[in-house]
1. Using the beta-carbon distance between residue 553 and residue 263 and R0 = 45 Å, what value does 1/(1 + (r/R0)^6) give for FRET efficiency, to the nearest 0.05?
2. Using the Cα atoms as the points, what is the convex hull volume per residue of the range 379-601 in Å³?
3. Using alpha carbon centroids, what distance separates the range 272-292 and the range 462-519, in Å?
4. For residue 378 and residue 22, calculate 0.36 nm times their separation in residues minus their Cα-Cα distance, and state this gained length in nm to one decimal.
5. For residue 487 and residue 440, what does the FRET efficiency come to when R0 = 22 Å and r is the distance between their Cβ atoms, rounded to the nearest 0.05?
6. Per 0.36 nm of contour for each residue apart, how much would the distance between residue 6 and residue 410 grow if the chain were fully extended, relative to their Cα-Cα spacing?
7. With r defined as the distance between the Cβ atoms of residue 42 and residue 574 and R0 fixed at 35 Å, what FRET efficiency is calculated, to the nearest 0.05?
8. Ranking request for peptides 107-115, 411-419: highest mean number of other beta-carbon atoms within 10 Å first, then the rest in descending order.
Ligand code: ADP
Ligand code: MG
């Protein structure tokens, strides 16, 4: 009897529907998960042209019996779920019976498979809009799935794929996400014929991490095994200076199911915050095991997120686990917790688990639903710029849209809507400039026509006079008449332009706050920061087009422009295609614009 069946309508209605296939990496993710669900111990992935030309995934798993092959590509056909009750106890990656159908709807799909109990294999070819053909074909037990012509019949989606390098990188990350939590399974990935990942089956967790991350991490790798409140966090973190320019090496899993969760990312980044430069991200892979009844899978269509009851508590334990590994020299780790709920250890080691996503991340399914939920734009739509995600104002065409709320400068840049926090970015510009000049000993001093006299507490005045030599290096000329008054007769020129007595007092206050035990270098850096902050264009200042243009030109030459010097982001963008998606638009006109911009006929 066949194993694959089409789900009944009442089960279908419980399943979180939505777009499963966005790009080559989502195809690869689904195919790899199918291989793992089939019990494969070896999975080989090959992509051409970032997966845009072709994707192949081969495994040595259970295979699909002949009569099930045509069923497997139908929507809601699965061997993994039968009744409503099964949804609450999903132990496989897949359960919706949607992936192969979704792929077959937008690409040419070829399946070559042989179930171990059958003599001869089956070959299916499915092309968009055509009836699939089936024939016999020899194969060792297992399954090979080949996907080509992705989105060739859906040009609007095809045009939105990124260049091959970017898509290829995404595929690499997607495979890594699974490979890192399944050291028992062998993974090999090749890109245009070149092998870029080759991990043998049956590695230890540590060996697997080293074979995936290699020399990048070998020095700083630290084990994590931390438990609290029935939550156990295991895996690895890498101590700085090793770090990345983006979140591509932050791997999280819940009971060995890879997930993405910005709350976990932020908590881990906060734990690292004093160790990493702004704009750098940690390298970690952390698995969270907890009572399975706290975890729910059936929310995100691509199953990238899970819903965890009491997520705050979990986030907190993860942050402690990371801090412990980074800083502590032997905080007591309470592992006896785990023995108090039976089955957890086995559960953690098992490959088949289940997961769910949070309410706010619930995907928008249909257009009417979208209109009801007016929260169209989500935080994740906003992409913070960084070294690896940049816009080159000097190089590209841009249009100044204007200012929003006298704080954000809005630009149209290519296909993106760009937001610049005028204060944050100006603060960074001034900081870098002042610091350069300080380092070069060429601070520009602006003499004041009329010195400013500030009245302070006697102790504070004395302290400022003590510091006047250091402050002098930055361009502050400070004298005293004795007593409570100090006399400021010159300022760094960056400050001069916007100086007011109040700004100056704020800077002096900050200087007085700085601890006496602080080293000279840190002290100067703090003063440069506060000077930059108080000299920068403020929120609430109206900027004209020329001022905006000047700001942009200065910004383009400034290092670390993605963050103000207190670490807040300064530039972000929303992709046009994200807006299209959120507004439920398809864009025939945009395709023409895209073609003409890129000279495509
Ligand atoms: P789901 O994984 O949610 O069941 P899919 O569309 O991904 O849905 O797959 C449909 C069915 O095809 C699976 O339930 C499984 O029976 C079969 N299948 C797909 N890929 C493989 C594979 N690599 N090995 C064995 N069976 C597979
Ligand atoms: Mg599947």
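1. Working: r = 37 Å, r/R0 = 0.83.
Plugging the Cβ-Cβ distance into 1/(1 + (r/R0)^6) gives 0.75.
2. Details: hull volume 33.1 nm³, N = 223.
Spread over its residues, the Cα hull of the range 379-601 gives 149 Å³ apiece.
3. Between the Cα centre of the range 272-292 and that of the range 462-519, the gap is 39 Å.
4. Numbers: separation 356, 0.36 × 356 = 128.16 nm, distance 1.78 nm.
Between residue 378 and residue 22, full extension yields an extra 126.4 nm.
5. On the way: r = 28 Å, r/R0 = 1.26.
Result of the calculation: an efficiency of 0.20.
6. Values: separation 404, 0.36 × 404 = 145.44 nm, distance 4.94 nm.
So the chain would gain 140.5 nm between residue 6 and residue 410.
7. The pair residue 42/residue 574 has a calculated efficiency of 0.30.
8. Details: 107-115: 22.3, 411-419: 18.2.
Highest mean packing first, the order is 107-115, 411-419.
All of the numbers you see were taken from the coordinates with simple rules; none came from a lab. Remember, it's a predicted structure, so these values are computed and weren't measured experimentally. As a convention, Cβ positions derive from the backbone with ideal geometry for all residues, glycine included, and neighbour counts pool all protein chains shown.
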